[in-house]
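Undergrad: Structure below; questions to follow.
Here, each number is a calculation from the coordinates, and none is a lab measurement. Everything numeric here is computed off the predicted structure, so don't read it as measured data. Here the Cβ positions follow ideal geometry from the backbone for every residue, glycine too, while neighbour counts run over all protein chains shown.
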Amino acid sequence: MNLKKTIVFVCFILTGWSFAIAQKATTNPVFPGWYADPEGVVFGNEYWIYPTTSAEYKDQTYLDAFSSKDLVHWTKHPKVLSRENIGWFKMALWAPAVVHANGKYYLFFGANDIQNNEQHGGIGVAVSDKPEGPFKDALGKPLIDKFHNGAQPIDQFVFKDDDGSYYMYYGGWRHCNMVKLSKDLLSIIPFEDGEIYKEVTPENYVEGPFMLKRNGKYYFMWSEGGWGGPHYSVAYAIADSPFGPFKRIGKILQQDPEIATGAGHHSVIQVPGKDEWYIVYHRRPLGDTTRDHRVTCIDKLEFNPDGTIEPVKMTKSF
Ligand code: FUB
């Protein structure tokens with residue numbers, strides 16, 4: 001073996017070894033505190049998690065973030081976005097979705113939990129030069145501030161397709177829309193057919209949409225049930241296009257009487273360069289029924305040879 005091949009081989013062994021350690025040593029929840037709706041994302045050689053601060057709505061005035069190189073040791077980045085940097089903010093800062101594009105970091109968020117089109121709030125976007133912030137509201141107003149097709153403007157996820165198009169899936173109150181984002185990610189542009197808010201709601205959908213692409217297939221996932229109760233869960237569909245149709249296949253994550261209840265509002269991270277996937281989600285400790293007592297956990301997401309997803313086995317350490 002020549003020197004170059006030896007170096008590549010040693011790096012390969014070390015990378016696999018460090019990740020194997022991560023799998024053995026990592027415990028759930030992955031960091032302390034009440035944190036929900038975790039958005040897991042990989043930036044370079046770092047894993048990041050951006051969760052909702054799980055508290056009473058009036059106290060949900062900031063977002064913390066967590067970074068890790070190995071999924072074991074997490075560094076807390078306090079208040080990456082907070083109320084001082086959103087002029088139109090009142091309460092309930094929810095469910096971040098974070099994208100690296102155009103040399104910047106874009107953090108999409110829900111705020112104010114609007115109940116009708118007379119209230120002010122919805123989905124906003126904040127921008128920073130660094131993943132740890134500080135993020136600042138980019139528009140001075142929400143990007144989406146009304147109900148369209150019955151969807152409450154919350155719980156956005158931004159998906160970049162292989163052709164460079166950015167789609168945002170979003171919606172609470174049992175309706176899911178998708179919109180197309182401009183290249184600067186700061187506005188919504190019409191689809192080719194002229195439509196702006198396309199409803200793509202699958203059967204049983206409640207909120208928390210997520211999309212990933214694997215082997216040319218689009219895996220669309222969402223949360224079902226009420227997030228305040230034990231039956232909150234995650235289901236999925238597989239489609240040939242980002243527009244669906246999203247025919248429900250079944251649940252992939254739900255409560256386990258041995259481990260936890262209320263498991264849902266997830267995201268998925270792929271280990272860079274590998275067909276290795278992890279689901280990042282929140283769940284409620286066994287025996288605890290307090291609405292906001294939600295913790296962030298990670299478990300393995302396994303694909304079957306036919307491309308379907310194995311139901312997730314929640315663990316106390318993975
Ligand atoms: O954390 C606030 C809300 O709870 C989210 O927007 C919902 O998806 C649910 O997880």
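Undergrad: Name the pairs whose Cβ atoms lie under 9 Å apart, with the first residue in the stretch 264-278 and within 16 Å of the ligand (Cβ to nearest atom), the second of a type in the set (S, T, N, Q) and not in a strand (DSSP E or B), and 6 or more positions between them or separate chains?
TA: So the pair list comes out as G264/Q254.
Undergrad: Does the stretch 162-174 hold any residues that are among the small types (G, A, S), on the phi > 0 side of the Ramachandran plot and within 13 Å of the ligand (Cβ to nearest atom), and which are they?
TA: Matches in the stretch 162-174: G171 only.
Undergrad: Looking only at residues in the stretch 144-161 that are within 12 Å of the ligand (Cβ to nearest atom) and not polar (S, T, N, Q), which one is farthest from the chain's Cα centre (by Cα)? Outline the logic, then answer.
TA: Quick first cut of the stretch 144-161, residues within 12 Å of the ligand (Cβ to nearest atom) only: 152-157.
Then drop every residue that is not not polar (S, T, N, Q), which leaves 153-155, 157.
On the way: P153: 16, I154: 12, D155: 9, F157: 6 Å.
Going through the qualifying residues, I end up with P153.
Undergrad: Pick from the stretch 87-142 the residues that are among the basic types (K, R) and more than 16 Å from the ligand (Cβ to nearest atom): which of them is farthest from T75 (Cα to Cα)?
TA: K141
Undergrad: Could you check G226 against (1) within 16 Å of the ligand (Cβ to nearest atom); (2) part of a strand (DSSP E or B); (3) on the phi < 0 side of the Ramachandran plot and say which number it fails?
TA: Against the list (1) within 16 Å of the ligand (Cβ to nearest atom); (2) part of a strand (DSSP E or B); (3) on the phi < 0 side of the Ramachandran plot, G226 comes up short only on (2).
Undergrad: How many residues, within the stretch 53-82, are within 16 Å of the ligand (Cβ to nearest atom) and either part of a helix (DSSP H, G or I) or over 20 Å from S128 (Cα atoms) (or both)? Before you say what the answer is, go through the steps one by one.
TA: So the first thing to find is which residues in the stretch 53-82 are within 16 Å of the ligand (Cβ to nearest atom), and the list is 53-65, 81.
With either part of a helix (DSSP H, G or I) or over 20 Å from S128 (Cα atoms) (or both) added as a condition, the list becomes 54-60.
Looking only at that region, the number is 7.
Undergrad: Working carefully through the options V125, V99, V30, V41, find the one that is in contact with a Cys (Cβ under 9 Å, 6 or more places away or on another chain), among the β-branched types (V, I, T), in contact (Cβ under 8 Å) with a residue 60 or more places away in the chain and within 22 Å of H265 (Cβ to Cβ).
TA: Exactly one residue qualifies, and that residue is V30.
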